[in-house]
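The values are calculated or read from the model by the stated rules, or taken from the named source; none is laboratory data. Here the structure is a predicted model, which means the values were calculated and not measured. So basically every Cβ, Gly included, is an ideal-geometry build from the backbone, and we count neighbours across all protein chains shown. The accessibility values were calculated without ligands, DNA or RNA, using every heavy atom of the protein model including side chains. Shrake-Rupley method; radii C 1.70, N 1.55, O 1.52, S 1.80 Å.
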Number of protein chains: 2
Amino acid sequence: MKALKGNIIFTASSEKFEVYENSYLVESEGTIVGIFKELPSHLKGIEVDNFGDSLIIPGFVDMHLHAPQFQNMGLGLDEELLQWLEKYTFPEEAKYSNEQYAKRLYTNLAKELWRNGTTRVSLFSSIHRNGTEILMDVVSRAGIGAFVGKVNMDRNSPDFYVESTEESLASTEEWILATKDKYNLVKPIITPRFVPACSVKLMKGLAKLSEKYNLKMQSHLSENESEIQWVSELHPEFGSYTEVYDGMNLLTENTIMTHAVHNTPEEIELLAKRNVFIAHCPNANYNLSSGIMPARKFLDAGIRVGLGTDIGAGHQIGIYKVMSRAVQSSKMNWLNSGKVERCLTMSEAFYMGTKGGGEFFGKVGSFESGYSLDALVIDDENLGDRDFRSIEERLQRFIYCGDDRNITKRYVAGKLLSEPV
Amino acid sequence: MKALKGNIIFTASSEKFEVYENSYLVESEGTIVGIFKELPSHLKGIEVDNFGDSLIIPGFVDMHLHAPQFQNMGLGLDEELLQWLEKYTFPEEAKYSNEQYAKRLYTNLAKELWRNGTTRVSLFSSIHRNGTEILMDVVSRAGIGAFVGKVNMDRNSPDFYVESTEESLASTEEWILATKDKYNLVKPIITPRFVPACSVKLMKGLAKLSEKYNLKMQSHLSENESEIQWVSELHPEFGSYTEVYDGMNLLTENTIMTHAVHNTPEEIELLAKRNVFIAHCPNANYNLSSGIMPARKFLDAGIRVGLGTDIGAGHQIGIYKVMSRAVQSSKMNWLNSGKVERCLTMSEAFYMGTKGGGEFFGKVGSFESGYSLDALVIDDENLGDRDFRSIEERLQRFIYCGDDRNITKRYVAGKLLSEPV
């Protein structure tokens, strides 16, 4: 057993922050036991890491990141989605057939995740099985919790970056068997890229693999208007993009659908019924001129929403930066909706980036009893006077103005992470 | 004479970047002489600062920053403009009657400006003459070029933070006389806060002081819908917010008007006719739910547009971060306008944050001959592979993904700046 001592703040619900000033966060074997202002007599004498006036917050959860696009961050952002994929993304991802390249770049990515306090992440790898296993090794060694997906693509893809349906399904199953029980905190996830790049046979085959091995799934949905138009041309037999995935058995309570910028009320209803997770990636939606995701509509429909960096369309690794961007975006939705769709509050954005996305990983993202001790220590001394600021204001200031230098410790499942090498 | 050697990139016009790889930027007495691939024979032997594979770019120009709101960065952003002013801004600015407080906080601000490569800035101070002079001293000692304005407010302001019309005009004139010839790179600027806080007599008196002493001017225009409504109620005798300022003789080619989020075509025409500068502050416009400033409309009207951080409504000191935000904003304008108003390109946003705003300061913000040598050295080694990236791509990556750690040297008028103390 162990305790972290400091100013503890988290969101058990999205409505408000829970604050425990100068208190003890006690864990046993990586799981939270409770929060105490003073240690009760039976806990006296346990190891205490005292972080003084620092903040202690849950680790950040990134629901959507393309690991092999790390080198492309901040590049090509004068393009929209489909052109950007052709010109920047596919050529870069194709390089991950080279194992040396994969190892070097994935290690750099792991360092950036560590620096920025991402403790759980759902990753897209490339179509390469070997590269995907290298990514799993790297992330596992870094101590970060992750779902990692070998990407599947068997149509409408460049000659240099495509698989046949059969080899895609076969190599995916081999990869699942090789990795599903290999790591403690890193697991395979079924990852059809998106409808335009996956045949019906491939998508249905992947859904079957998910069922056979009880695996989670992730894909993209309704990011860009041209993409949606393309899907409707490819699949006139379905009423919507969402219905295509549903027809392939890919929409379940264990599925993340990313973006959801442009969906009809009927699609939102179907997503709610299937109880999928939505990964909201505001930076990427701005950068590729996709639009503003109407987060409030999804929340009002009872849909679980987390945050994603969407590297490389998104340009910032820190989920705290995505939180402030999500709030900014929601303010434009409020204006565009004639002041009907309420803005996201800071606590709602924080919840999305911790417990909201964390639910996909289990009991993750909160400091309630029974949750995994995934925590960050935030030293905000350089961000301005602290004495007359509330803990909540200090957290808000870190989210808006802080960076990785303010994050001084990272814990996952109770384990202190050192910088990946 | 001296030369900086490296990969030189800047925008002489907004349409494109000028790139000189591995070249010499030669200055004499703080003014740029030229750029050379090899030093011509008459320049052989001058001092060369060789920055290897680093980028050399113009210093950043911030057209709008409230110095006494520095402590409020990232706070109170669940409010709109008028409520935010009451609850957060005025109480904080009032503290700057305390000279110790002013000195400590303004020094912290100067450090952040230095760190983030802001070499020229137009500052709002508070209503306090002494605090304003402290700010001028601090900024001048830091070597940063600045216009600094004592703020004027004589109506609709809280009891604890307001002046009478007479004392406002009198103390402004005393302050002008005390400071107009005191510094080399720091000058006073006439600064009525905004129409709601300034009587007609005050605004007209300030315009006269501007004329009498040949001073520049700055204020706020059409940030928020409630503010605009308030102005129309205060001044039914004028047809628009812009016409109020014009009626007070405050719109000249030496005036910065900040925000301009909501203006009619007639107002834009008037602003163009008066040849004012517009300070575009996208972060602040998001954070206070003000709206998206239609930058393309202003550019199409031939209006000079620069960028502003608008600390404390804006939460980021780095103008490079405002550049990426301006591009992101313009993409939403493109969508909202039915894909009519073209997005800002990276070179347009860079131009705004260097030469565009720089024109307000003289020959500033470009590396053409005759311009002030205001320059930054950017070491982007940590931002990803450089070998197969163009200089333009590397600059774009710094703008989107870099931070103050990438800025290794700052020059203003040829002088290397050391960290303010």
May I ask you to say which residue of B:F70, B:F51 is in contact (Cβ under 8 Å) with a residue 12 or more places away in the chain, within 14 Å of another protein chain (Cβ to nearest Cβ) and either open to solvent by 10 Å² or more (accessible area, probe 1.4 Å) or farther than 26 Å from B:F194 by Cβ (or both)? B:F70
Consider the range B:298-309. How many of its residues are surrounded by 23 or more Cβ atoms within 10 Å (Cβ to Cβ) and more than 13 Å from chain A (Cβ to nearest Cβ)? 4
Output yes when any residue across the range A:282-297 is over 30 Å from B:M323 (Cβ atoms), open to solvent by 10 Å² or more (accessible area, probe 1.4 Å) and more than 14 Å from chain B (Cβ to nearest Cβ), and no when none is. yes
Can you spot a residue in the range B:319-330 that is in contact with a Lys or Arg (Cβ under 9 Å, 6 or more places away or on another chain) and either open to solvent by 20 Å² or more (accessible area, probe 1.4 Å) or more than 10 Å from chain A (Cβ to nearest Cβ) (or both)? no
Of the residues that make up the range A:249-264, is at least one over 22 Å from the mean Cα position of the chain (by Cα), in the same structural domain as A:G356 (by TED's automatic domain parsing), open to solvent by 40 Å² or more (accessible area, probe 1.4 Å) and farther than 29 Å from A:E173 by Cβ? yes
Do you know which residues across the range A:298-327 are over 18 Å from A:D403 (Cβ atoms), outside any loop (DSSP other than H, G, I, E, B) and in contact with a helix residue (DSSP H, G or I) (Cβ under 7 Å, 6 or more places away or on another chain)? A:F298, A:R304, A:V305, A:G306
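Tell me whether the range A:206-214 contains one or more residues that are in the same structural domain as A:G306 (by TED's automatic domain parsing) and in contact (Cβ under 8 Å) with a residue 60 or more places away in the chain.
Narrowing the range A:206-214 to residues in the same structural domain as A:G306 (by TED's automatic domain parsing): A:206-214.
Still in the list and also in contact (Cβ under 8 Å) with a residue 60 or more places away in the chain: none.
For the range A:206-214, residues in the same structural domain as A:G306 (by TED's automatic domain parsing) and in contact (Cβ under 8 Å) with a residue 60 or more places away in the chain: absent.
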Looking only at the range B:370-389, which residues are surrounded by fewer than 19 Cβ atoms within 10 Å (Cβ to Cβ), part of a loop (DSSP other than H, G, I, E, B) and in contact (Cβ under 8 Å) with a residue 12 or more places away in the chain? B:G370, B:R386
Filtering the range B:345-369 down to residues that are open to solvent by 10 Å² or more (accessible area, probe 1.4 Å) and either in contact with a His (Cβ under 6 Å, 6 or more places away or on another chain) or more than 21 Å from A:E79 (Cβ to Cβ) (or both) yields B:K355, B:E359, B:F361, B:G362, B:K363, B:E368, B:S369
Determine whether the range B:164-176 contains at least one residue that is in contact (Cβ under 8 Å) with a residue 12 or more places away in the chain, among the acidic types (D, E) and under 24 Å from B:A94 (Cβ atoms). yes
So which residues in the range A:403-421 are surrounded by 20 or more Cβ atoms within 10 Å (Cβ to Cβ) and farther than 12 Å from A:G143 by Cα? A:N406, A:I407
Taking the range B:313-343 only, how many residues are out of contact with any strand residue (DSSP E or B) (no Cβ under 6 Å at 6 or more places or on another chain) and more than 19 Å from A:A326 (Cα to Cα)? 11
Among residues of the range A:342-389, those that are at pLDDT below 95 and among the small types (G, A, S), counted: 1
Out of A:F51, A:F70, sole residue that is under 30 Å from A:D404 (Cβ atoms), part of a helix (DSSP H, G or I) and either among the hydrophobic types (A, V, I, L, M, F, W, C) or in contact with a Phe, Trp or Tyr (Cβ under 7 Å, 6 or more places away or on another chain) (or both): A:F70
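Limited to the range B:328-347, what total is found for residues that are part of a loop (DSSP other than H, G, I, E, B), closer than 18 Å to B:N283 by Cα and polar (S, T, N, Q)?
Result for the range B:328-347: 1.
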Meets criteria (within 14 Å of another protein chain (Cβ to nearest Cβ) and polar (S, T, N, Q)) for B:N130: no
For the range B:63-117, how many residues are of a type in the set (A, V, I, L, M) and more than 28 Å from B:K216 (Cβ to Cβ)? 2
Go over the candidates A:E21, A:E38, A:E27 one by one and state the one that is open to solvent by 10 Å² or more (accessible area, probe 1.4 Å), modelled with pLDDT of 95 or more, assigned by TED's automatic domain parsing to the domain that holds A:F398 and not in a strand (DSSP E or B). A:E38
Given the criterion over 30 Å from A:R325 (Cα atoms) and in contact with a Gly (Cβ under 8 Å, 6 or more places away or on another chain), identify the matching residue among B:P188, B:P236. B:P188
Kindly establish whether A:S232 is hydroxyl-bearing (S, T, Y) and without any contact (Cβ under 8 Å) to a residue 12 or more places away in the chain. yes
